[in-house]
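The values are calculated or read from the model by the stated rules, or taken from the named source; none is laboratory data. All values derive from a computational prediction rather than experimental measurement. Don't worry about glycine lacking a Cβ; one is built from the backbone with ideal geometry, like all the others, and counts go over all protein chains shown.
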Amino acid sequence: MIKINENIRYLRKKKGWTQEKFSSKIGIKRSLVGAYEEGRSDPRLNNLLKMCEVFSISLDNILRKDVSKLNVGNYLDDDSQKVKVLSITVDSEGDENIELINQKVSAGYTNSYSDFEFIENLPKFQLPFLHFSGTHRAFEIKGDSMLPLTSGSIVIGKYIESIDFIRDGKTYIILTKDEGIVYKRIESQEKSLLLISDNKNYDPYKVNNTDVIEIWEAIAFFSLDLPRPDSEYNSLKADINNLYSNLDQLKNKL
């Protein structure tokens with residue numbers, strides 16, 4: 001017989017949350033979390049639904065299945081045998097850290113995004129103004145497809161639990177099976193996402209919803225390249241476009 005108290009305890013610990021931290025996320029007292037986990041009390045439906053939201057798990061799974069034996073899978077997959085549990089780290093006060101995925105470890109993240117030991121060893125920091133506003137992660141972007149953000153800029157992303165929460169035209173960091181980590185502007189389409197670069201020299205392309213592993217909404221960025229005057233930026237953009245044009249002409253001659 002599946003015991004819901006064991007599922008709650010397992011999922012909380014998998015997240016790396018203290019009982020105090022977990023209780024603050026679903027708006028109940030810490031003592032009530034203890035009662036749930038010890039089997040002294042059963043959670044009401046409204047509290048169960050809040051748990052399902054923060055754990056990104058279905059009500060059926062948390063009530064009827066031993067979640068410790070389920071495979072960690074794609075949270076956009078409709079397969080009820082899979083559950084997505086996001087690995088995070090916390091500081092000594094129980095507050096979530098912001099883990100940094102730099103270019104050096106980006107390839108490893110594609111394969112180890114759900115490995116707690118991998119996540120635990122990442123560089124981490126905190127930003128006071130993001131306190132209690134969700135789970136965040138920082139990604140170092142590369143390339144010039146999203147100019148004026150230059151290669152090496154750090155984009156802070158907020159974890160998005162469902163593809164339904166994507167807002168067309170906004171920028172997101174997405175992790176996919178084939179592409180790895182990419183930072184693009186997104187438009188939702190039927191059973192797919194259209195990924196659009198701000199640099200028009202790059203063509204938009206589609207990824208299937210089932211290929212998406214994680215989605216992070218871009219909310220801030222850090223860069224060592226200070227903003228240039230518009231005239232200087234436009235001149236740089238024109239130079240880059242001319243370079244691409246010259247390369248195309250050279251290819252045609254070969």
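Miscellaneous remarks
- Residue list for the stretch 1-37, restricted to those being in contact with a strand residue (DSSP E or B) (Cβ under 9 Å, 6 or more places away or on another chain) and farther than 18 Å from I57 by Cα: T18, K21
- The residues in the stretch 14-52 that are in a helix (DSSP H, G or I) and closer than 21 Å to I98 by Cβ can be counted, and the count is 7.
- The residues on offer are K3, K29, K69, and the sole one that is on the phi < 0 side of the Ramachandran plot and touching a residue at least 24 places away in the same chain (Cβ under 8 Å) is K3.
- Residue in the stretch 31-53 that is touching a Cys at 6+ places or on another chain (Cβ under 8 Å) and either small (G, A, S) or surrounded by fewer than 14 Cβ atoms within 10 Å (Cβ to Cβ) (or both) present: no
- Residues of the stretch 161-194 satisfying the condition of being touching a Gly at 6+ places or on another chain (Cβ under 9 Å) and either among the charged types (D, E, K, R) or farther than 17 Å from V207 by Cα (or both): R185, E187
- Selection within the stretch 149-165 - under 12 Å from the mean Cα position of the chain (by Cα) and within 25 Å of C52 (Cβ to Cβ): G157, K158, Y159, I160, E161, S162, I163
Here's the yes/no breakdown for (1) surrounded by 17 or more Cβ atoms within 10 Å (Cβ to Cβ); (2) among the hydroxyl-bearing types (S, T, Y); (3) modelled with pLDDT under 90:
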{"residue": "T110", "(1), (2), (3)": "yes, yes, yes"}
{"residue": "R137", "(1), (2), (3)": "yes, no, no"}
{"residue": "S145", "(1), (2), (3)": "yes, yes, no"}
{"residue": "G157", "(1), (2), (3)": "yes, no, no"}
{"residue": "D168", "(1), (2), (3)": "no, no, no"}
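- Test for P123: is it modelled with pLDDT under 90 and in the same structural domain as I196 (by TED's automatic domain parsing): no
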